[in-house]
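> My questions will all concern the structure given below.
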Amino acid sequence: MYTISQQDVSVRPELESMTAYLPGESLVAFSTRTGIPIEQIIKLNSNESPYGPVPSAIKALGDCKNYNNYPDSDATILRAALSDYTGLEGSHIVLSHGSNELINLLWHIFLSVGDTIIYCPPTFSLYTSITSFCGASVIEVPRTSEFEIDVEDVLAALTPSTKLIVICSPNNPTGNPIAELDVLALLESGRIVVIDEAYVEFSQRPGGFAHLVPHYRNLVVLRTFSKWAGLAGLRIGYGLLPVWIANYMLQAQCPFEVNVAGYIAAIETLAHLEQVLANVQRITQERERLFDMLKSQSYLTPFPSQGNYILARLDDIYVKIEQVRAAVEEYGILLRYFPKPSLQNYLRVTVGLPEHTDILAQALARVR
Ligand SMILES: *Cc1c(COP(=O)(O)O)cnc(C)c1O
């Protein structure tokens, strides 16, 4: 037998330069670090819904008799329900276990070694990790001081190797959406334009840019049930794509990407839309209260948001982000902080229940 030494088996070189995506701290990790019991933690760091799935989803999950069988890989029932919900034909829809996985798949479909994508920070950093994994690289076109996309700058930054332009709208973490005219201008570039609409249900335009998908060969819209429908733990998302890209996705996807539980919960969500949308409305109302509360703290400047989260900047040189963090963690509150130097003085707060806003207010009042 020929045995090889460790050095002979090397990973792809791209992995050496790839920074892994750093998710928000989990309940278990925070509880282990602080000793605070999980039931007492107020988790406002990952934009999850405080309302959870609709009750009928919980019931249907308990009643299901087919967990021993593989799921329906055509997703016939869910595809039809999503077709109603989005107004698009089923041939435009691709499902996956979370929209993160759709980003992974899309990137691998389009990006070869040496290719580039346009990335407009501050935004969701997963886009860059997967780009590195593909051996491609990122062209950064920073947002303006108001966190708007500068379309002229984006168009000027394109090179022949640019395959994808990715825009999150409403943007995580800044909360602002992109204007339709800007999307149209980006589409004119002929590059694949990916609009990540993970938070679109919380915005003033809950239909987002889905209506444009059938009219363009190069527009991809990504959606998820994780945030508005309270299904983050069940991992279910979908893409709205031109049929030619949808077909490549289906070809490249592993079989049975979505599990039975994810299908069931998504189907129940769409069958009880009024209930879910009532929760969305509770969250958007609470977002206003949270905004005012953050604004009333002398050391914070919150930014208006159309997502279920608010970004706030620390504006007092005598207050350090570590102090804020220590104060809120004493109350068992988890917020999102950013390792990047450009967002060092910022925090992001997920909109929770009204009582979460109240406790956060108490904690923030203790800073200084
Ligand atoms: C939360 C989030 C997602 C959702 O990911 P899932 O894999 O569907 O849970 C996608 N994009 C952005 C920008 C997000 O913040």
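> Taking LEU44, is it closer than 30 Å to ALA361 by Cβ and either buried (at least 22 other Cβ atoms within 10 Å of the Cβ) or within 16 Å of the ligand (Cβ to nearest atom) (or both)? Give the steps one after another, and end with the answer.
Details: closer than 30 Å to ALA361 by Cβ: yes; either buried (at least 22 other Cβ atoms within 10 Å of the Cβ) or within 16 Å of the ligand (Cβ to nearest atom) (or both): yes.
In short, yes.
> Continuing with this model, one more query. Give the number of residues within region 139-156 that are crowded, with 17+ Cβ neighbours inside 10 Å, aliphatic (A, V, I, L, M) and either in a helix (DSSP H, G or I) or in contact (Cβ under 8 Å) with a residue 60 or more places away in the chain (or both).
Residues flagged as crowded, with 17+ Cβ neighbours inside 10 Å, aliphatic (A, V, I, L, M) and either in a helix (DSSP H, G or I) or in contact (Cβ under 8 Å) with a residue 60 or more places away in the chain (or both) within region 139-156 amount to 2.
> Something else about it: Got a number for residues in region 66-114 being among the hydroxyl-bearing types (Ser, Thr, Tyr) and assigned to a loop (DSSP other than H, G, I, E, B)?
Restricting attention to region 66-114, the residues satisfying the condition of being among the hydroxyl-bearing types (Ser, Thr, Tyr) are 67, 70, 73, 76, 83, 85-86, 91, 96, 99, 112.
Okay, now just the ones that are also assigned to a loop (DSSP other than H, G, I, E, B), so 67, 70, 73, 112.
Selection size over region 66-114: 4.
> Hey, another quick one. Return the residues of region 134-152 that are within 16 Å of the ligand (Cβ to nearest atom) and either among the aromatic types (Phe, Trp, Tyr) or in contact with a strand residue (DSSP E or B) (Cβ under 9 Å, 6 or more places away or on another chain) (or both); say none if nothing qualifies.
Step one: filter region 134-152 for residues within 16 Å of the ligand (Cβ to nearest atom), giving 138, 143, 147, 149.
VAL138, PHE147, ILE149 - these are the residues of region 134-152 that are within 16 Å of the ligand (Cβ to nearest atom) and either among the aromatic types (Phe, Trp, Tyr) or in contact with a strand residue (DSSP E or B) (Cβ under 9 Å, 6 or more places away or on another chain) (or both).
> Out of region 194-235, which residues are assigned to a loop (DSSP other than H, G, I, E, B), under 21 Å from ILE149 (Cα atoms) and basic (Lys, Arg)?
Passing the criteria: only ARG205.
> Moving to a separate point now. If you check TYR238, TYR263, TYR248, which single one turns out to be in contact (Cβ under 8 Å) with a residue 24 or more places away in the chain, of a type in the set (Phe, Trp, Tyr), assigned to a helix (DSSP H, G or I) and within 25 Å of TYR119 (Cα to Cα)?
Values: TYR238 fails: assigned to a helix (DSSP H, G or I); TYR263 fails: within 25 Å of TYR119 (Cα to Cα).
It is TYR248.
> Right, something else. Can you tell me which residue among VAL220, VAL213 is out of contact with any Cys (no Cβ under 8 Å at 6 or more places or on another chain) and either under 17 Å from TRP107 (Cβ atoms) or without any contact (Cβ under 8 Å) to a residue 60 or more places away in the chain (or both)? Can you show your working first?
Details: VAL213 fails: either under 17 Å from TRP107 (Cβ atoms) or without any contact (Cβ under 8 Å) to a residue 60 or more places away in the chain (or both).
Of VAL220, VAL213, the one residue that is out of contact with any Cys (no Cβ under 8 Å at 6 or more places or on another chain) and either under 17 Å from TRP107 (Cβ atoms) or without any contact (Cβ under 8 Å) to a residue 60 or more places away in the chain (or both) is VAL220.
> Pairs, please: C-beta under 6 Å, at least 6 apart or cross-chain, first residue farther than 28 Å from LEU250 by Cα and in region 53-76, second in a loop (DSSP other than H, G, I, E, B) and at pLDDT 95 or above?
VAL54/HIS272; SER56/HIS272
> Go through region 177-204 and count every residue that is touching a residue at least 60 places away in the same chain (Cβ under 8 Å) and over 14 Å from ASN308 (Cβ atoms).
Result for region 177-204: 4.
> Among what's in region 194-244 and is of a type in the set (Phe, Trp, Tyr) and closer than 14 Å to TYR263 by Cα, pick the residue that is nearest to the ligand (Cβ to nearest atom).
Residues of region 194-244 that are of a type in the set (Phe, Trp, Tyr), as a first pass: 199, 202, 209, 216, 225, 228, 238, 244.
Still in the running and closer than 14 Å to TYR263 by Cα: 225, 238.
Numbers: PHE225: 7, TYR238: 9 Å.
The residue in question is PHE225.
> Related question: Being at negative phi and free of Cβ contacts under 8 Å to residues at least 12 places away in the same chain narrows it down to one residue among ILE317, ILE333, ILE321; which is it?
Checking each option against the conditions leaves just ILE317.
> Any idea which of GLU274, GLU268 is closer than 28 Å to ASP84 by Cβ, modelled with pLDDT of 95 or more, touching a helix residue (DSSP H, G or I) at 6+ places or on another chain (Cβ under 6 Å) and not in a strand (DSSP E or B)?
Values: GLU274 fails: touching a helix residue (DSSP H, G or I) at 6+ places or on another chain (Cβ under 6 Å).
From the options GLU274, GLU268, the qualifying one is GLU268.
> Another one. I'm trying to understand the selection: among the residues of region 1-40, which are at pLDDT 85 or above, in a loop (DSSP other than H, G, I, E, B) and among the hydroxyl-bearing types (Ser, Thr, Tyr)?
SER10, TYR21, SER26
> Do any residues in region 348-366 that are loosely packed, with under 13 Cβ neighbours inside 10 Å have Cβ atoms under 8 Å from those of residues that are polar (S, T, N, Q), where the two are at least six apart or on different chains, and which pairs are they?
Close Cβ pairs satisfying both conditions: ALA365/GLN297.
> Show the residue pairs meeting these rules: Cβ distance below 9 Å; 6+ apart or different chains; first residue within region 92-117 and modelled with pLDDT of 95 or more; second residue within 15 Å of the ligand (Cβ to nearest atom) and of a type in the set (Asp, Glu).
Every condition considered, the pairs that remain are LEU95/GLU257; SER96/GLU257; HIS97/GLU257; SER99/ASP196; SER99/GLU197; GLU101/GLU257; ILE103/ASP196; LEU105/GLU257.
> Quick one: would you say TYR331 is at pLDDT 95 or above and either closer than 23 Å to SER125 by Cβ or among the polar types (S, T, N, Q) (or both)? Steps first, answer last, please.
Values: at pLDDT 95 or above: yes; either closer than 23 Å to SER125 by Cβ or among the polar types (S, T, N, Q) (or both): no.
Spelling it out, it is not the case that TYR331 is at pLDDT 95 or above and either closer than 23 Å to SER125 by Cβ or among the polar types (S, T, N, Q) (or both).
> Can you tell me which residue is farthest from PHE291 (Cα to Cα) among those in region 168-193 that are more than 10 Å from the ligand (Cβ to nearest atom) and part of a strand (DSSP E or B)? Write out each step before concluding.
As a first pass, look at region 168-193 and keep what is more than 10 Å from the ligand (Cβ to nearest atom): 174-193.
If we keep only those that are part of a strand (DSSP E or B) too, we end up with 192-193.
Details: ILE192: 35, VAL193: 31 Å.
Checking each candidate, the answer is ILE192.
The values are calculated or read from the model by the stated rules, or taken from the named source; none is laboratory data. Everything numeric here is computed off the predicted structure, so don't read it as measured data. All Cβ positions, glycine included, derive from the backbone under ideal geometry; neighbour counts span all protein chains shown.
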